[in-house]
Amino acid sequence: HSVPVNWAGTVRVTVQSADLATRKSVRHLDPYVRMKFSRNRYETMAKYGSSNPVHFNETFDLDYSAGASSVIDVSVMDKKQIGTDEPIGRGYIDLSQFLPAQGRSFQTEVRLVRHGESVGVVNVRLQKFPDRTEDTREDSWAWQA
């Protein structure tokens, strides 16, 4: 359920780590994080033979346009050498809570669910960089001789 927000700019998403609580030992997983936002897909590198928590520390810049969907779909996947990668868990980041707020940087936990069960969290840092308006005060002063 996306709430359009009257804000435009870049949302920097840093996927820091995932703390997985799966039935299968994390040592036997090759996890990576996949995010879907707007029409784009972003993926971290897979971490082979990981231990908990799994550290990613990868950053992605997402372009946000005023009125666009405010939801980032976050999945942790298990990379398979043969066949299709398997989902470990899925969660969401709702930017409608973050974009109108005062600060520029926020820490959040994305709760992962699979078949109705909690399977861990992904730790994410969000930063926002608004688009510059064309007539800011600094620009108008800069042009005066």
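Among ARG12, ARG132, ARG41, the residue with the largest mean-square fluctuation in a Gaussian network model of the chain, with springs joining Cα atoms closer than 10 Å, is ARG132. Ignoring lysines fewer than eight residues from LYS79 along the same chain, the ones with Cα atoms less than 28 angstrom from its Cα are LYS24, LYS36, LYS47.
Under the criterion of Cα pairs below 8 Å and six or more residues apart, the relative contact order for the range 1-93 equals 36 percent.
In this structure the amide hydrogen of SER70, modeled in the peptide plane, comes within under 5 Å of the amide hydrogens of VAL3, none closer than 5 places in sequence on its chain. Taking every DSSP bridge with both residues inside the chain, close to 100 percent are antiparallel. Counting only protein heavy atoms and a probe of 1.4 Å, the accessible surface of the chain is 47% carbon and sulfur. Scaled to the globular estimate 2.2 N^0.38 Å, the Cα spread of the chain, given as radius of gyration, is 1.24. What's the FRET efficiency of THR84 with ASP131 using the Cβ-Cβ distance as r and R₀ = 41 Å, to the nearest 0.05? E(calc), rounded to 0.05, equals 0.60. Charging the Cβ of each Asp and Glu at -1 and of each Lys and Arg at +1, and nothing else, the dipole of the chain about its Cα centre rounds to 560 debye.
Rounded to the nearest whole Å², what accessible area per residue is found for the range 9-129 with the 1.4 Å probe? Intermediate values should be presented prior to the final figure.
On the way: 6600 Å² over 121 residues.
So the range 9-129 comes to 55 Å² accessible per residue, rounded to a whole number.
The values are calculated or read from the model by the stated rules, or taken from the named source; none is laboratory data. What you see is a predicted model, and the numbers here were worked out from it, not measured in a lab. When we count neighbours, we look across all protein chains shown, and the Cβ atoms used for this are built from the backbone with ideal geometry, even at glycine. Heads up: the accessible areas ignore ligands, DNA and RNA and are worked out on the full protein's heavy atoms, side chains in. Shrake-Rupley method; radii C 1.70, N 1.55, O 1.52, S 1.80 Å.
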